[in-house]
Every structure is written in structure tokens, then in C-alpha cells.
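**Q** Let me give you the structure first, and then I'll get to my questions.
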Amino acid sequence: MMTTQVHESSVIADNVVLGKNVSIGPNCTLGFLGYQIKEKIEKNEVKPLEIGDGTIIHGNTVICQGTRIGKECRLDYHSYIGECTIIGNKCVIEYGARIYDRVLIHDKCLISGFVSNDCIIEENTIVHGDLIHKFKNVVPGKSEPSPIVKPNAFIGRKAIIIGPIVIEKGTYVGAGAVVTKSTEPNKLYLGVPARAVDIAHKPFI
């Protein structure tokens with residue numbers, strides 16, 4: 001019978017809640033207090049960091065306060081998860097992925113790229129590229145609108161999704177593409193800037 005295991009070199013804050021059969025590798029930091037979180041803690045506005053049953057967290061991973069990780073997830077080495085982010089069940093966060101604050105990731109997603117604040121990634125989606133803000137009229141402390149990725153989409157390696165656009169259900173974005181406008185469902189997008197390619201294409205998942 002498995003039990004929760006925490007490597008002796010990892011640092012776990014007092015208000016971290018670990019589920020059953022959780023495994024935490026070496027040199028992890030869970031419950032990190034970022035500067036934005038400290039003010040909220042004083043006002044009792046932040047919930048504890050929660051790790052769901054059966055989740056595996058590999059070494060050198062940082063997960064910030066106020067985040068919730070679902071059941072049976074895997075976070076690979078050197079991952080970073082920001083503040084107040086929600087990750088669903090059975091997700092995979094691959095080596096070196098960066099997911100920042102207030103991100104919502106639904107069930108059964110795979111993330112290996114960079115995900116900026118406030119992005120939404122719906123179920124059964126694979127993101128190997130980067131989801132970023134447009135960085136227009138930046139105001140300190142105020143987040144810009146972020147990309148939304150609908151179910152069953154695929155974002156290829158080194159692809160970039162920019163600004164408050166929607167990657168529709170079943171969209172396939174090829175490696176290295178730069179998407180600046182919302183896509184149509186179940187189409188393949190290639191190039192810089194990315195355009196729909198008129199070839200037969202089935203939904204990725």
C-alpha cells in the first residue's frame with residue numbers, strides 16, 4: 001500500500017495540503033510566498049496549496065501558494081507553477097514548463113511550454129508552445145487579457161499564441177507558427193503569421 005512520500009531535501013510550507021499517495025522528489029519548494037501573495041495572506045484571502053491524490057512531483061519543482069493540483073497528475077523536473085493556478089486531474093506538466101498566475105487548466109492536458117497569467121486551457125489539450133500576452137499598454141499590477149485554448153487543440157513546439165484570442169476546438173497549430181488571431185475549429189495553422197492550411201485534417205484527439 002502506497003503512502004505519501006516527501007524527499008528530505010524538499011521544503012514544504014505549513015499550509016500545504018497533500019492528498020493520498022503523493023510523491024515529492026528532491027529539492028522541491030511547495031507553498032512559496034510570492035510578493036503578490038503576501039499581501040493577500042495578511043487579509044486571509046489565499047487558500048492553501050493543495051496537491052491531489054496520486055500526483056507525482058519530480059525534483060526541483062516550485063509550486064506557489066494558493067494553487068490547486070488535481071489527482072493523478074505528473075509534474076516533471078524543473079517545473080514552475082505560479083500563484084492561484086488550478087490544474088485539473090490527470091494532467092502532465094513536462095520538463096521545465098512555466099505556468100504562471102491564475103491559470104486554469106482543465107483535465108487531461110499536457111503542458112511543456114510557457115503559459116502566462118490568466119490563460120485558460122480546456123480539456124484534452126496539448127501545449128508545447130507559448131501562450132503570451134500582447135504586452136500592449138502594460139500597467140503594473142494589472143493583467144492583460146490572455147489566450148483561451150478550447151478542448152482537443154494541439155499547440156506545436158515553439159509555436160506562439162499572442163493576446164486575447166481563442167484557439168478553437170480541435171485546432172492544430174504547427175511548430176514555430178505565430179498565431180495572432182482566433183482560429184476556426186478543426187483546422188491546421190502554419191506559418192508567421194499563422195494561416196489555415198487547406199488540407200484534410202482530423203481533430204488531434
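The values are calculated or read from the model by the stated rules, or taken from the named source; none is laboratory data. All values reported here derive from a predicted model rather than from experimental measurement. FYI the Cβ positions are ideal-geometry reconstructions off the backbone, even for glycines, and counts take in every protein chain you see.
**Q** Within the stretch 50-83, can you find the residues that are closer than 20 Å to residue 116 by Cβ and either in a strand (DSSP E or B) or touching a helix residue (DSSP H, G or I) at 6+ places or on another chain (Cβ under 8 Å) (or both)?
**A** Listed by number, the residues that qualify are 62, 63, 64, 65, 66, 68, 69, 75, 80, 81, 83.
**Q** For the stretch 125-134, does any single residue satisfy the condition of being at pLDDT 95 or above, out of contact with any Gly (no Cβ under 9 Å at 6 or more places or on another chain) and of a type in the set (S, T, N, Q)?
**A** Yes, the conditions are met somewhere in the stretch 125-134.
**Q** Surrounded by fewer than 18 Cβ atoms within 10 Å (Cβ to Cβ) and either over 21 Å from residue 171 (Cα atoms) or of a type in the set (Gly, Ala, Ser) (or both): is that true of residue 95 in this structure?
**A** yes
**Q** Here is a further query. Among the residues of the stretch 30-37, is there at least one that is at pLDDT 90 or above and surrounded by fewer than 18 Cβ atoms within 10 Å (Cβ to Cβ)?
**A** Looking through the stretch 30-37, none of the residues is at pLDDT 90 or above and surrounded by fewer than 18 Cβ atoms within 10 Å (Cβ to Cβ).
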